[in-house]
There are 4 protein chains.
Amino acid sequence: MRATRLFAINDIRTVDVPVPVPAAGEVLVQVEACGICGTDRHLLHGEFPSKPPLTLGHEFSGIVVGRGAGVSIPEGTRVTCDPNTWCGTCENCLRGRVNLCLNNVATGIHRDGGFAEFCAYPAHKAHPLPADLDPLHGAFCEPLACTIHGVDMGAPKAGERALILGGGVIGMLALQLCVAAGSEVMLLTRSPAKQALGRSLGAAITAATEEEARALWPKGADLVIECAGVTDTVECAPRLTRSGGRVVILGVLPAGQTVRIEPFDLLFREVQLLSSFINPFTQDRAARMIATGAIRIDPVISRILPLEEAAAAIIAPAPPGEIRAIVRP
Amino acid sequence: MRATRLFAINDIRTVDVPVPVPAAGEVLVQVEACGICGTDRHLLHGEFPSKPPLTLGHEFSGIVVGRGAGVSIPEGTRVTCDPNTWCGTCENCLRGRVNLCLNNVATGIHRDGGFAEFCAYPAHKAHPLPADLDPLHGAFCEPLACTIHGVDMGAPKAGERALILGGGVIGMLALQLCVAAGSEVMLLTRSPAKQALGRSLGAAITAATEEEARALWPKGADLVIECAGVTDTVECAPRLTRSGGRVVILGVLPAGQTVRIEPFDLLFREVQLLSSFINPFTQDRAARMIATGAIRIDPVISRILPLEEAAAAIIAPAPPGEIRAIVRP
Amino acid sequence: MRATRLFAINDIRTVDVPVPVPAAGEVLVQVEACGICGTDRHLLHGEFPSKPPLTLGHEFSGIVVGRGAGVSIPEGTRVTCDPNTWCGTCENCLRGRVNLCLNNVATGIHRDGGFAEFCAYPAHKAHPLPADLDPLHGAFCEPLACTIHGVDMGAPKAGERALILGGGVIGMLALQLCVAAGSEVMLLTRSPAKQALGRSLGAAITAATEEEARALWPKGADLVIECAGVTDTVECAPRLTRSGGRVVILGVLPAGQTVRIEPFDLLFREVQLLSSFINPFTQDRAARMIATGAIRIDPVISRILPLEEAAAAIIAPAPPGEIRAIVRP
Amino acid sequence: MRATRLFAINDIRTVDVPVPVPAAGEVLVQVEACGICGTDRHLLHGEFPSKPPLTLGHEFSGIVVGRGAGVSIPEGTRVTCDPNTWCGTCENCLRGRVNLCLNNVATGIHRDGGFAEFCAYPAHKAHPLPADLDPLHGAFCEPLACTIHGVDMGAPKAGERALILGGGVIGMLALQLCVAAGSEVMLLTRSPAKQALGRSLGAAITAATEEEARALWPKGADLVIECAGVTDTVECAPRLTRSGGRVVILGVLPAGQTVRIEPFDLLFREVQLLSSFINPFTQDRAARMIATGAIRIDPVISRILPLEEAAAAIIAPAPPGEIRAIVRP
Ligand SMILES: NC(=O)c1ccc[n+]([C@@H]2O[C@H](COP(=O)([O-])OP(=O)(O)OC[C@H]3O[C@@H](n4cnc5c(N)ncnc54)[C@H](OP(=O)(O)O)[C@@H]3O)[C@@H](O)[C@H]2O)c1
Ligand SMILES: NC(=O)c1ccc[n+]([C@@H]2O[C@H](COP(=O)([O-])OP(=O)(O)OC[C@H]3O[C@@H](n4cnc5c(N)ncnc54)[C@H](OP(=O)(O)O)[C@@H]3O)[C@@H](O)[C@H]2O)c1
Ligand SMILES: NC(=O)c1ccc[n+]([C@@H]2O[C@H](COP(=O)([O-])OP(=O)(O)OC[C@H]3O[C@@H](n4cnc5c(N)ncnc54)[C@H](OP(=O)(O)O)[C@@H]3O)[C@@H](O)[C@H]2O)c1
Ligand SMILES: NC(=O)c1ccc[n+]([C@@H]2O[C@H](COP(=O)([O-])OP(=O)(O)OC[C@H]3O[C@@H](n4cnc5c(N)ncnc54)[C@H](OP(=O)(O)O)[C@@H]3O)[C@@H](O)[C@H]2O)c1
Ligand SMILES: [Zn+2]
Ligand SMILES: [Zn+2]
Ligand SMILES: [Zn+2]
Ligand SMILES: [Zn+2]
């Protein structure tokens, strides 16, 4: 089969490899769709550690076509992959904090992933999807599951105001989750096209800069969700938060990079600064919300590529305005 | 009567003033004890805003000796003052966030306080104390109420580890609250005398520096409570927190001063950064814990002064090793 | 002025009384609308205690036309009344549980209320409403505030299932709040007309009996909100709850009446049984949700009556299918 | 080896069976101590379902003496068994509610357990204990883990009052956990010997009846933990709870048995009725609290038996005053 593999830092290519054989407890999935995520580019450039050679791709779904010993999920089932496979026995797993597992093995990061015709991974990480779902939508369960975890933490309420910083896929999903929770939502993103998309997905209002956002909501938002992952937005998040409100950081800055916060302002206004990491126990809710259509996926698919173009698309930066590119092997 | 009054920035003196007359809904209290707090020094130096002339002193207790119309609390009752008198009608009060009241009137900050023989203030802010309580102990209800709010937010559990940064009165109260909640407590403070005091109050272990603390608890603490209010301790708090843990900031840095945090570290270890401001709905629990002796007060009283020495004690910085100086008018 | 007053158990009449004079801290309001609530009938029949003579009516709004000393809210403002005036100083108020105030004084229950041309009550219990709001809508802030408290307690999440038991005004408001929070909602009520109304307000599905509800959702609902206040619905609420789910009881059964629950079933499925009492810190959110139109009010107004018909309407049981009758003095 | 096996309802005997061979992923443990729990008697009498023949015993610890493929825990390690082995893939596991697993396999209930010289079970359910721990103490990790879950749910606070109903092993552990959390604790149990034991473990006060408890604490307890599992104590639990307080039910009544509650009383005092089932993510904390001596175990061991006496001890009802009998194979 064909697979897009990282061979070394800055060396990614699509090559022939044998179809994997599912071990005991594993499924073999024929991949239908796999999203290109910023993390794939970080792995390529060595900004996140990895052990090449490795097939990338951790946001994917497909059809079960083979099963190792002891697997009960029927062949032919459409499934989405939860890439994070926690150990269950480290000190964090044992207290239920499985997203902080010290031995996490992520499909597409620590073992071969979804930029391939076929992928084998643990069957308990394969979440069923409806047979009639658009095959491309299943690739969004993982980013949605991460976003649900962050939004749960922020706990938006009906009648509150929520401000989303950043108009990528995480921002667009957070926006939809806050709208679904009854909040009045503002999207802050620099691109006019993303602003328009945000409004079409339910944002009441949009802004391009901190100043614009402050002018629109002078008292700030009850909940600010940072989905850009850059210094500017992390630093302005508390400032755009209402007295007594919450900030949730979903965006990832590079390790070692610091930002400046003003403790006096946080304390006198009792603004809480929360961080949300990946998807503990939320993948299944994500799969259901996508299956029921509660979260709209079509508008956040910017491009569909064949597998042969995956390597080039990962090497190039995302084109301006792109939300998510999906590889269809 | 005599009262220690702020007349202008850097001008504080003890002078003769008329005994106040309690208005409708107010009590007149003969002050038995009033603590000198860092805030008094900030007000003196103009680092916090105030409208002199004003009698300072917001941590005090005494005996009810007079009552305005409509007050039912009997004369002769020992009471402690909750200085923070929220309006009940601003947008924050209306949603129960009374410590964020936009119109808070604090006795000893916005109206005449407790460095005086007598003080009049709203009767519903006078919390009864037992007749046989040590009169000096009532002055600690306010700082304890603030600390209870922060510790509630951090939610220490039996069997967890809690690290207290700073060995002033707030640190010593936070330490005792975490011990009472069943946590194993470390106190980090530079002074050997304060370390020894911390151990006598229940700390399992003490440290003088971030490095020492890390060597003792390499995985960090489930809960870190910052009670020093300086850049160094705020910056090291998340680094000394265990994966999945919580930081509560109680210490106050100057407005405008910023600190550096590393978002990547907070996010990948899901460390939450919480800030706690004054004492919403906790004054009564504080009064009860002091009344029952659950929190030990004697060891945190460093000095007892007459009113005539209050001004000089506020003008001078706190002597090294001092936890709390109490003025007995 | 005219006022509908309770003179003794089962003796309610509309009579002439002087216009009240607002005391210090009170507003005088010209009543625009006052809802007839089951509580009014309980007071008439002596099922709830009261001290007649008394003007009933605790769900009302109107225009400020007079002010006692110290009131800043401008004349001409449209306001809704939060009838519950907690003392601020009892042991429950002091720990922030103001809805459990031991000395609560409720306008329309313990002091003259809104079935009158004018009503005087504490100004801090008058919540501003927009000048252009439909005058009848303001009368729904109190029941909505109670319902918000219960729904907050139940914490519906986007993507969950919520089941509302009872199609009165509380049920219809709970239904809308759960829809606004992103839940899939079922309404169980025996009346086909109320079922139809429920669907038009956003219920995905309706049922008339426990059996029907179970057939539709065999695994139960994540959240069941009891809004009928009868033995049957309280007893079936846990049985219709999903494993791991929450029941919130809003309905009021008579004092002393008991119901049967099965502890084994609650325990093995870890179903939590929560009760929600009146409106702590939620009146303002209610006023805002009504002002913005987030909650639809017109469909739950069944009848509009003049004040002269109020007594008869309270004496008679609510006609079948009635949601809320509003008195317009 | 010898093993105490259930052959049919009311037929339990100690017999010779082969030493089990650990499968892949399993440990073989030489049992040092196994507690006799009420559940064992329920299984014997057919009150809980089971599929004999089966070796009973789900509260045990011992030394690792053999390992299946892929197990890393060293031979010689002292371990305690978490009997509940959730599937990880059912709808409840997927949302993190692992104690509600639809496919739970409990060692000693659904597969051979600890009343035997050796027991094989999944290695990830073996929690390390210190080498120098008293071998008998490890058998208490499972009941303590269940109790921790219930106490977490009740969230006792320093300075609050907690009332424990029932003086068995669960009651004595709940008592110690609430004392460790800083609460003032009352133990209600009919036996004077158990009352005395409760006081020696930190209870401030004891009572034998509801009336006595009410006389001692007329306003009730902030937290009531039901650990008796009988109708009387479940029914009186809300009545002994303070306004605004919480009830946690840990005791198990037979399936189908109902109790009477008074919804009016729960609602007007906003008393919450919570139920706690087994030990999700708490076994490790339990093991640590026992290892550090934070929870005292010796006083709750009433008898130590050889394996040959286990069957008779299970057949007989627990002798009056017995807290826990431990079988040492
Ligand atoms: N916590 C987790 O579990 C988790 C999971 C998945 C992803 N992430 C992180 O979440 C972040 C978002 O992911 P994504 O896939 O949505 O990334 P993305 O497509 O790169 O989106 C980032 C968005 O941020 C906006 N942005 C960049 N600089 C900005 C600035 N100075 N001001 C305002 N907006 C700015 C960009 O919009 P404009 O250019 O239009 O302004 C862009 O749309 C990333 O950091 C990613 O690593 C975290
Ligand atoms: N959030 C609230 O509601 C609230 C209420 C009251 C007070 N506060 C604030 O809480 C803080 C503590 O109050 P306090 O009355 O206890 O003050 P304090 O007596 O001045 O105590 C501060 C302690 O911090 C320690 N410290 C200073 N610099 C340090 C450093 N670089 N590293 C380690 N420790 C350091 C000092 O101990 P060593 O010199 O021995 O190290 C000192 O004991 C203040 O900022 C105060 O404004 C907040
Ligand atoms: N907790 C609080 O703070 C609070 C505040 C306000 C009100 N309440 C209470 O909330 C409850 C509802 O108030 P409301 O004003 O909405 O009352 P309501 O108009 O009388 O509505 C009650 C509804 O319950 C339904 N019902 C009655 N018996 C039923 C049964 N056996 N099965 C199913 N449904 C049944 C009725 O619908 P059908 O006849 O069509 O079935 C009716 O629509 C009352 O008990 C009230 O006292 C509580
Ligand atoms: N939820 C869970 O996960 C979980 C886990 C383990 C156990 N449990 C359950 O928890 C309960 C306690 O377990 P255990 O092992 O401690 O049982 P136990 O040893 O039988 O203790 C029960 C205690 O209840 C007391 N009791 C019985 N009837 C009473 C009454 N009418 N009034 C007051 N006290 C009464 C008895 O004390 P006196 O006779 O001295 O009054 C006895 O000490 C059982 O129901 C058990 O099934 C639940
Ligand atoms: Zn792990
Ligand atoms: Zn206010
Ligand atoms: Zn009160
Ligand atoms: Zn399961």
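The values are calculated or read from the model by the stated rules, or taken from the named source; none is laboratory data. Remember, predicted model here, so these are calculated numbers, not experimental data. Backbone-built Cβ (ideal geometry, glycine too); neighbour counts: all protein chains shown. These area figures cover heavy atoms from the full protein model, side chains too; ligands, DNA and RNA do not enter into them. Shrake-Rupley method; radii C 1.70, N 1.55, O 1.52, S 1.80 Å.
Return the residues of the stretch B:224-252 that are more than 7 Å from chain A (Cβ to nearest Cβ) and part of a helix (DSSP H, G or I); say none if nothing qualifies. Break it down into steps so the answer makes sense when it comes.
Initially, the stretch B:224-252 is screened for residues more than 7 Å from chain A (Cβ to nearest Cβ), giving B:224-233, B:235-242, B:245-248, B:250-251.
Residues satisfying the conditions are B:231, B:232, B:233, B:235, B:236, B:237, B:238, B:239.
Name the pairs: first residue in the stretch B:44-55 and in the same structural domain as residue B:110 (by TED's automatic domain parsing) and without any contact (Cβ under 8 Å) to a residue 40 or more places away in the chain, second residue part of a loop (DSSP other than H, G, I, E, B) and surrounded by fewer than 16 Cβ atoms within 10 Å (Cβ to Cβ), Cβ to Cβ under 9 Å, at least 6 apart or on different chains?
B:45/B:9; B:45/B:10; B:46/B:9; B:46/B:10
Please pick out the residue among C:22, C:53 that is in contact with a strand residue (DSSP E or B) (Cβ under 7 Å, 6 or more places away or on another chain) and within 22 Å of residue C:125 (Cα to Cα). Walk me through how you get there before you give the answer.
Working: C:53 fails: within 22 Å of residue C:125 (Cα to Cα).
Only one candidate passes the filter, namely C:22.
Out of the residues in the stretch C:74-94 that are surrounded by fewer than 20 Cβ atoms within 10 Å (Cβ to Cβ) and modelled with pLDDT of 95 or more, state the one that is farthest from ligand 1 (Cβ to nearest atom).
Top of the filtered list is C:75.
Give the residues of the stretch B:153-175 that are in contact with a strand residue (DSSP E or B) (Cβ under 9 Å, 6 or more places away or on another chain) and within 14 Å of chain D (Cβ to nearest Cβ), sorted by residue number.
Start the filter on the stretch B:153-175 by keeping residues that are in contact with a strand residue (DSSP E or B) (Cβ under 9 Å, 6 or more places away or on another chain), which leaves B:153-157, B:159-172, B:174-175.
Correct list: B:153, B:154, B:155, B:156, B:157, B:159, B:160, B:161, B:162, B:174, B:175.
So residue B:104 ticks every box in (1) in contact with a strand residue (DSSP E or B) (Cβ under 8 Å, 6 or more places away or on another chain); (2) closer than 23 Å to residue B:324 by Cα; (3) without any contact (Cβ under 8 Å) to a residue 40 or more places away in the chain but one. Which box is left unticked?
Every condition holds for residue B:104 apart from (2).
May I ask you to say which residue of B:145, B:116, B:106, B:131 is of a type in the set (Gly, Ala, Ser) and open to solvent by 40 Å² or more (accessible area, probe 1.4 Å)?
On the way: B:145 fails: open to solvent by 40 Å² or more (accessible area, probe 1.4 Å); B:116 fails: open to solvent by 40 Å² or more (accessible area, probe 1.4 Å); B:106 fails: open to solvent by 40 Å² or more (accessible area, probe 1.4 Å).
When all the criteria are applied, what remains is B:131.
Keeping to the stretch D:148-166, report how many residues are among the small types (Gly, Ala, Ser) and surrounded by fewer than 24 Cβ atoms within 10 Å (Cβ to Cβ).
First, pick out the residues of the stretch D:148-166 that are among the small types (Gly, Ala, Ser): D:150, D:154-155, D:158-159, D:162, D:166.
Pick out the ones that are also surrounded by fewer than 24 Cβ atoms within 10 Å (Cβ to Cβ) and you get D:155, D:158-159.
Going through the stretch D:148-166 one residue at a time, the tally reaches 3.
Any residue at all in the stretch B:168-183 that is free of Cβ contacts under 8 Å to residues at least 40 places away in the same chain, over 20 Å from the mean Cα position of the chain (by Cα) and more than 8 Å from ligand 2 (Cβ to nearest atom)? I'd like the intermediate steps shown before the answer.
Quick first cut of the stretch B:168-183, residues free of Cβ contacts under 8 Å to residues at least 40 places away in the same chain only: B:175, B:179, B:181-182.
Among the residues that remain, those that are also over 20 Å from the mean Cα position of the chain (by Cα) are: B:182.
Imposing the further condition that a residue be more than 8 Å from ligand 2 (Cβ to nearest atom) reduces the set to B:182.
Checked against the condition, which is being free of Cβ contacts under 8 Å to residues at least 40 places away in the same chain, over 20 Å from the mean Cα position of the chain (by Cα) and more than 8 Å from ligand 2 (Cβ to nearest atom), the stretch B:168-183 yields at least one hit.
Show me the strands (runs of 3 or more DSSP E) entirely contained within the stretch C:1-106 in which 1 or more residues are among the acidic types (Asp, Glu) and within 14 Å of chain B (Cβ to nearest Cβ).
Values: elements: C:2-8, C:11-16, C:26-36, C:60-67, C:78-81.
Counting at least 1 such residues, we get C:26-36.
Residue by residue through the stretch C:177-219, note down the ones that are of a type in the set (S, T, N, Q) and away from ligand 3 (no atom under 13 Å from the Cβ).
So the first thing to find is which residues in the stretch C:177-219 are of a type in the set (S, T, N, Q), and the list is C:183, C:189, C:191, C:195, C:200, C:206, C:209.
Once the filter is applied, which keeps residues that are of a type in the set (S, T, N, Q) and away from ligand 3 (no atom under 13 Å from the Cβ), the stretch C:177-219 yields C:183, C:200.
Considering only residues that are open to solvent by 40 Å² or more (accessible area, probe 1.4 Å) and of a type in the set (A, V, I, L, M, F, W, C), which ones fall in the stretch C:292-312?
Answer for the stretch C:292-312, where residues must be open to solvent by 40 Å² or more (accessible area, probe 1.4 Å) and of a type in the set (A, V, I, L, M, F, W, C): C:294, C:304, C:312.
Six or more apart or on different chains, Cβ atoms under 8 Å: show the pairs whose first residue is in the stretch B:80-100 and free of Cβ contacts under 8 Å to residues at least 12 places away in the same chain and whose second is in a strand (DSSP E or B) and more than 16 Å from ligand 4 (Cβ to nearest atom).
Final answer for the pair search is B:92/A:243; B:92/A:244; B:94/C:127; B:95/A:244.
If I filter the stretch C:18-59 down to residues being open to solvent by 30 Å² or more (accessible area, probe 1.4 Å) and hydrophobic (A, V, I, L, M, F, W, C), which single residue comes out as nearest to residue C:142 (Cα to Cα)?
C:48
Return the total of residues in the stretch C:182-204 being away from chain A (no Cβ under 14 Å) and either buried (at least 21 other Cβ atoms within 10 Å of the Cβ) or farther than 15 Å from residue C:227 by Cβ (or both).
13
So which of A:169, A:179 ends up being open to solvent by 10 Å² or more (accessible area, probe 1.4 Å) and within 22 Å of residue A:246 (Cα to Cα)?
On the way: A:169 fails: open to solvent by 10 Å² or more (accessible area, probe 1.4 Å).
Exactly one of A:169, A:179 is open to solvent by 10 Å² or more (accessible area, probe 1.4 Å) and within 22 Å of residue A:246 (Cα to Cα), namely A:179.
Restricting attention to the stretch D:239-248, report how many residues are closer than 21 Å to residue C:237 by Cα and open to solvent by 10 Å² or more (accessible area, probe 1.4 Å).
Here is the first cut: in the stretch D:239-248, the residues closer than 21 Å to residue C:237 by Cα are D:246-248.
In the following step, the residues that additionally are open to solvent by 10 Å² or more (accessible area, probe 1.4 Å) were identified as D:246.
Within the stretch D:239-248, residues that are closer than 21 Å to residue C:237 by Cα and open to solvent by 10 Å² or more (accessible area, probe 1.4 Å) number 1.
Among the numbered criteria (1) more than 14 Å from chain A (Cβ to nearest Cβ); (2) open to solvent by 10 Å² or more (accessible area, probe 1.4 Å), which one does residue D:270 miss?
In the conditions (1) more than 14 Å from chain A (Cβ to nearest Cβ); (2) open to solvent by 10 Å² or more (accessible area, probe 1.4 Å), residue D:270 misses (2) alone.
Within the stretch D:134-155, does at least one residue satisfy the condition of being in contact with a Cys (Cβ under 9 Å, 6 or more places away or on another chain), free of Cβ contacts under 8 Å to residues at least 40 places away in the same chain and not acidic (Asp, Glu)? Walk me through it before giving the result.
From the stretch D:134-155, those in contact with a Cys (Cβ under 9 Å, 6 or more places away or on another chain) are D:138-139, D:141-143, D:147, D:150-151, D:154; that's our starting set.
Cutting the leftovers down to free of Cβ contacts under 8 Å to residues at least 40 places away in the same chain gives us none.
Scanning the stretch D:134-155 turns up no residue that is in contact with a Cys (Cβ under 9 Å, 6 or more places away or on another chain), free of Cβ contacts under 8 Å to residues at least 40 places away in the same chain and not acidic (Asp, Glu).
What is the number of the single condition among (1) at positive phi; (2) open to solvent by 40 Å² or more (accessible area, probe 1.4 Å); (3) within 16 Å of ligand 3 (Cβ to nearest atom) that residue C:70 does not meet?
(3)
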